[in-house]
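Participant: Got a structure here, written out as structure tokens. Questions coming.
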Amino acid sequence: MKVGICDAIAEEGVKILKENGLEVVDLTPVPKEELSKHVRDLDAIIIRSATKVRKEIIDAAKNLKVIGRAGVGLDNVDVVYAKSKGIKVINTPGATSISVAELTIGLILAVMRKIAYADREMRTGAWPKKKCKGIEMYGKTLGIIGIGRIGREVAKRAKAFGMKVIYYDVFKLTEEQAKELGVEYRELDTLIRESDVVSLHVPLLPETKHLINKERIEKMKDGAILVNAARGGIVDEEALYDALKSGKLYGAALDVYESEPVKESKLFELDNIVLTPHIGAQAKEGQTRAGVEIAQKIVEELNS
Ligand code: NAD
């Protein structure tokens with residue numbers, strides 16, 4: 001059976017496919033718009049976020065049984081159409097949770113200690129020591145919105161920094177889980193009011209679109225920090241810009257944006273925001289885990 005790899009995955013994953021007798025077709029050099037010409041006899045395809053698997057590709061792949069996404073988001077797959085054709089869509093939701101959680105902590109620190117700003121200024125020949133007085137994580141309250149796989153990993157790490165951690169989620173943790181993690185539940189607007197740092201870890205859904213808007217930002221503590229390493233669109237970027245510009249917020253960090261890739265943005269004008277280009281899952285270990293896990297799942301699916 002043949003597996004087409006459309007976006008590069010870890011070598012360890014490719015090895016698993018081959019060791020299990022699958023023929024691997026490297027489609028990574030094929031321009032995305034020509035992909036449908038190369039999928040006719042594939043039994044499975046592996047993608048990350050770059051390849052979009054829409055109707056055209058699904059119709060062209062006459063033997064397709066499985067679409068494997070190495071990673072979490074399935075926004076780039078027409079899941080409903082694939083399922084209607086009897087094609088399974090699988091992913092590796094937990095493989096990169098630690099990578100994203102570590103980036104989140106990095107972003108919180110970068111904002112609090114003005115690390116990115118200090119680096120930028122030094123490279124211009126400046127020595128901005130006085131302007132770089134920051135704040136500590138220790139003793140502050142972190143409000144986690146969405147205590148799923150990533151939210152929990154963020155909570156554990158924030159506790160190690162001496163933060164108080166509160167959370168809001170549509171599903172409350174059991175008393176035991178909350179105790180083990182050392183977190184307390186709050187209603188959304190209470191969390192917003194009590195947090196020194198608000199970090200988002202919910203999916204983008206109609207209910208979470210602009211969850212953080214002008215009204216919610218106004219309810220945040222003066223001098224609070226907002227971090228979004230979940231999905232663009234959960235934060236109203238226009239309202240965030242105003243709150244950073246006016247000084248209502250101390251700072252913010254974004255890894256994800258309403259429209260990606262971002263080539264131009266008025267957020268670039270501001271010194272109190274740290275911006276990264278959707279790199280939450282971009283850590284070697286997380287990618288290896290995702291590649292291995294998707295390969296194992298593909299082998300299982302094709303053998304079942
Ligand atoms: P998860 O499904 O494990 O957790 C999401 C949590 O959000 C769940 O506990 C769920 O109950 C909660 N939730 C859902 N809707 C809600 C709502 N309306 N209000 C409150 N809580 C709600 O997901 P995860 O793996 O932890 O991922 C979290 C986010 O991180 C997702 O948006 C995902 O796309 C994103 N992500 C980003 C990157 C990156 O590169 N920056 C990488 C991977 C995942």
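Values in this text are rule-based calculations from the coordinates and carry no lab data. If you're wondering where the values come from, they're calculated on a predicted model, not measured in any experiment. Ideal geometry is used to build each Cβ from the backbone, glycine not excepted, and the neighbour counts take in all protein chains shown.
Participant: Given Ile147, Gly247, Leu42, which one lies farthest toward the positive end of the charge dipole of the chain, if we put +1 on the Cβ of every Lys and Arg and -1 on the Cβ of every Asp and Glu?
Facilitator: Gly247
Participant: Let me ask something additional. Taking the Cα centre of the chain as origin and charging only Cβ (+1 Lys, Arg; -1 Asp, Glu), how large is the dipole, in debye to the nearest 20?
Facilitator: Computed about the Cα centre, the dipole is about 440 debye.
Participant: Only Lys, Arg, Asp and Glu count, each charged at its Cβ (+1, +1, -1, -1), so figure out the dipole size of segment 97-275 about its Cα centre, rounded to 20 debye.
Facilitator: Rounded to the nearest 20 debye, it is 700 debye.
Participant: Bins of 5 Å, beginning at zero and ending with the bin holding the largest distance: percent of Cα pairs per bin for segment 56-175, please.
Facilitator: Per 5 Å bin, starting at 0, the Cα pair percentages come out as 2, 9, 14, 13, 12, 11, 11, 9, 7, 6, 4, 2, 0.
Participant: For the chain, compute Rg over Rh where Rg is the Cα radius of gyration and Rh is the Kirkwood radius from the inverse mean 1/r over Cα pairs.
Facilitator: 1.02
Participant: Further question: Report the trypsin sites (Lys or Arg not before Pro) located in segment 148-226 that are in a DSSP loop and have at most 15 other Cβ atoms inside 10 Å of their Cβ, or state none. Working shown, then result.
Facilitator: On the way: sites: Arg149, Arg152, Lys156, Arg157, Lys159, Lys164, Lys172, Lys179, Arg186, Arg193, Lys209, Lys214, Arg216, Lys219, Lys221; in loops: Lys172, Arg186, Lys209, Lys221.
Here the sparse-neighbourhood loop sites are Lys172, Lys209.
Participant: Here's something else I'd like to know. For the chain, build the charge dipole from Cβ charges (+1 Lys, Arg; -1 Asp, Glu) around the Cα centre, then report which of Gly280, Pro203, Ile225 sits farthest towards its positive end.
Facilitator: Checked the options; the winner is Ile225.
Participant: Please report how far the C-alpha centroid of segment 265-288 lies from that of segment 14-90, rounded to the nearest whole angstrom.
Facilitator: Segment 265-288 and segment 14-90 have Cα centres separated by 27 Å.
Participant: Something else now. Can you tell me the orientation of helix 149-160 relative to the chain, as the angle in degrees between its alpha-carbon axis and the longest Cα principal axis, to the nearest 10?
Facilitator: Once rounded, one gets 40 degrees.
Participant: Then there is this: How high is the relative contact order of segment 32-74, in percent, counting Cα pairs under 8 Å that sit 6 or more residues apart?
Facilitator: Once normalised by length, the contact order is 50 percent.
Participant: Once you keep just the Cα pairs under 8 angstrom separated by 6 or more residues, what percentage relative contact order results for segment 97-275?
Facilitator: Taking the mean separation of contacting Cα pairs over the length of segment 97-275, I get 20 percent.
Participant: Taking 2.2 N^0.38 Å as the expected size of a compact globular protein, what ratio does the Cα radius of gyration of segment 97-275 give against it, to two decimals?
Facilitator: 1.00
Participant: Here's another thing I want to ask about it. Would you look at the GNM of the chain, springs on alpha carbons closer than 10 Å, and say which of Pro277, Pro261, Pro93 moves the most?
Facilitator: Pro261
Participant: Now for a separate question. Consider all pairwise Cα distances in segment 1-118 and report the whole-number % of them above 22 Å.
Facilitator: Taking all Cα-Cα pairs of segment 1-118, the fraction more than 22 Å apart is 40 percent.
Participant: Going by Cα centres, segment 112-165 and segment 188-238 are how many Å apart?
Facilitator: Computed from Cα coordinates, the inter-centre distance equals 17 Å.
Participant: Just tell me the longest site-free run in the chain, where the sites are chymotrypsin sites (Phe, Trp or Tyr not before Pro) in a DSSP loop having at most 12 other beta-carbon atoms within 10 Å.
Facilitator: Longest site-free region, per DSSP loop and neighbour criteria: 1-137.
Participant: Counting other Cβ atoms within 10 Å, keep those with at most 14, restrict to DSSP loop, and tell me which GluC sites (Glu not before Pro) in segment 91-147 are left.
Facilitator: Loop-located and lightly packed - Glu136.
Participant: Taking neighbour counts of Cβ atoms within 10 Å as a proxy for exposure, in what order, fewest first, do Ile98, Ile57 appear?
Facilitator: On the way: Ile98 20, Ile57 25.
Ranked by crowding around the Cβ, least crowded first: Ile98, Ile57.
Participant: Sticking with this structure for a sec: Can you put Ile212, Ile108 in order of Cβ neighbours within 10 angstrom, beginning with the fewest?
Facilitator: Ordered from fewest to most neighbouring Cβ atoms within 10 Å, Ile212, Ile108 come out as Ile212, Ile108.
Participant: Okay, moving on. Would you mind telling me which residue in His38, His278, His210 has the biggest mean-square fluctuation in a Gaussian network model of the chain, where springs connect alpha carbons within a distance under 10 angstrom?
Facilitator: His38
Participant: Would you tally the net charge around Ser304, using a Cβ to Cβ cut-off of less than 10 Å, leaving Ser304 out, and scoring K and R as +1, D and E as -1?
Facilitator: 0
Participant: Which angle between 0 and 90 degrees, to the nearest 10, do you get for helix 237-246 versus the longest principal axis of the chain when only C-alpha atoms count?
Facilitator: It works out to around 20 degrees.
Participant: Contour minus end-to-end for Lys156 and Ser259, with contour as 0.36 nm per residue of separation and end-to-end as the Cα-Cα distance?
Facilitator: 34.0 nm
Participant: Tell me the relative contact order for the chain as a rounded percent, counting alpha carbon contacts under 8 Å between residues six or more apart. Provide the component values of the computation, followed by the final result.
Facilitator: Values: 574 pairs, mean separation 60.0, N = 304.
Answer for the chain is 20 percent.
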